[in-house]
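Visitor: One structure, pasted below without further comment.
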């Protein structure tokens, strides 16, 4: 069976400060995330899905450059987790 599902969630940061978070989303075995779009105020950010090691490197680099890192990696077989 093949299914394509869209999930929409809303998160609010009640402060004026930038926040870093870890998002874990449970997935059935043999499933995958293939697209991510984030809306931040009026901005639309298209996610880049990468292998875990590549995502971790990109995240650490962005963090060291004081940027706002947004990358995705796979946590085990059943969760999709931003790096």
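Visitor: Considering only segment 36-52, state which residues are out of contact with any strand residue (DSSP E or B) (no Cβ under 7 Å at 6 or more places or on another chain), exposed (fewer than 10 other Cβ atoms within 10 Å of the Cβ) and modelled with pLDDT of 85 or more.
Guide: 42, 43, listed by residue number.
Visitor: Restricting to segment 53-83, what's the tally of residues that are surrounded by fewer than 15 Cβ atoms within 10 Å (Cβ to Cβ) and either within 21 Å of residue 19 (Cβ to Cβ) or at pLDDT below 85 (or both)?
Guide: 13
The values are calculated or read from the model by the stated rules, or taken from the named source; none is laboratory data. Given the structure is predicted, the values throughout are model-derived calculations rather than measurements. All Cβ positions, even for glycine, are placed from backbone atoms using ideal geometry, and neighbour counts span all protein chains on display.
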